[in-house]
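The values are calculated or read from the model by the stated rules, or taken from the named source; none is laboratory data. Just so you know, these numbers come straight off a predicted model, no measurement behind them. Counting neighbours? That spans all protein chains shown, and the Cβs are built from the backbone with ideal geometry, glycine included. Calculation scope for accessible area: heavy atoms of the full protein, side chains included, ligands and nucleic acids excluded. Shrake-Rupley method; radii C 1.70, N 1.55, O 1.52, S 1.80 Å.
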Amino acid sequence: MSQTLPANNDQHLRAIEALYSGHHGWLYATLRKKLGNAMDAADLAQDTFTRILASQVTVIEQPRAYLSCVAKGILVNWYQRKALERAYLEALAQLPAPEVPSPESRFMVLETLHEIDAMLDALPPLVKRAFLLSQISGLKYDDIAEQLGVSLITVKRYMKQAFVQCLLLVE
């Protein structure tokens with residue numbers, strides 16, 4: 001079943017409403033089965049329709065396939081976010097009680113971690129890998145070049161690209 005979403009904003013909204021009413025229940029059930037959690041499934045279904053609404057897509061040939069594709073991207077981001085949060089909370093659990101940050105500070109750190117994670121995901125894979133090898137593993141540029149099988153100049157270019165992304169995040 002093909003669904004055309006008109007360019008006119010009112011018509012576009014009515015078409016999204018029709019898409020929502022026709023397929024929300026199916027998407028929610030699919031996500032609930034996958035996640036085993038009704039609240040998260042409801043949130044992710046809403047996020048899926050919100051993203052479609054913001055996209056201004058005008059033609060959807062296969063609504064359920066399109067919804068699945070959009071939801072899958074949102075679900076991958078959600079899993080990454082949850083993994084990052086778990087790692088942070090595990091690290092906090094290792095701290096002595098007096099050093100545990102306040103809930104407000106934890107929230108700020110988690111938000112910053114999510115922004116950094118999104119910035120890193122925007123980098124090409126080799127640039128990201130070079131940056132992580134340098135910043136997390138502490139490797140020197142020569143060692144990174146050898147590990148990645150690229151020249152030292154290429155590693156320097158990768159690092160410059162990653163640091164520019166970091167600066168953009170700070171701004």
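So the values come out like this:
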{"quantity": "Odd one out for ILE52, checked against (1) modelled with pLDDT of 85 or more; (2) within 30 Å of ARG14 (Cα to Cα); (3) of a type outside the set (D, E, K, R); (4) open to solvent by 50 Å² or more (accessible area, probe 1.4 Å)", "calculated": "(4)"}
{"quantity": "Residues being of a type in the set (A, V, I, L, M) and free of Cβ contacts under 8 Å to residues at least 24 places away in the same chain - total across the stretch 36-64", "calculated": "5"}
{"quantity": "Residue in the stretch 76-86 that is open to solvent by less than 60 Å² (accessible area, probe 1.4 Å), of a type in the set (S, T, N, Q) and in a helix (DSSP H, G or I) present", "calculated": "no"}
{"quantity": "Residues of the stretch 119-149 that turn out to be touching a residue at least 12 places away in the same chain (Cβ under 8 Å), over 12 Å from ALA162 (Cβ atoms) and open to solvent by less than 40 Å² (accessible area, probe 1.4 Å), as a count", "calculated": "1"}
{"quantity": "Conditions (1) assigned to a helix (DSSP H, G or I); (2) closer than 30 Å to ALA18 by Cβ; (3) open to solvent by less than 70 Å² (accessible area, probe 1.4 Å): number failed by VAL57", "calculated": "(1)"}
{"quantity": "Meets criteria (of a type in the set (A, V, I, L, M, F, W, C) and open to solvent by 60 Å² or more (accessible area, probe 1.4 Å)) for ALA38", "calculated": "no"}
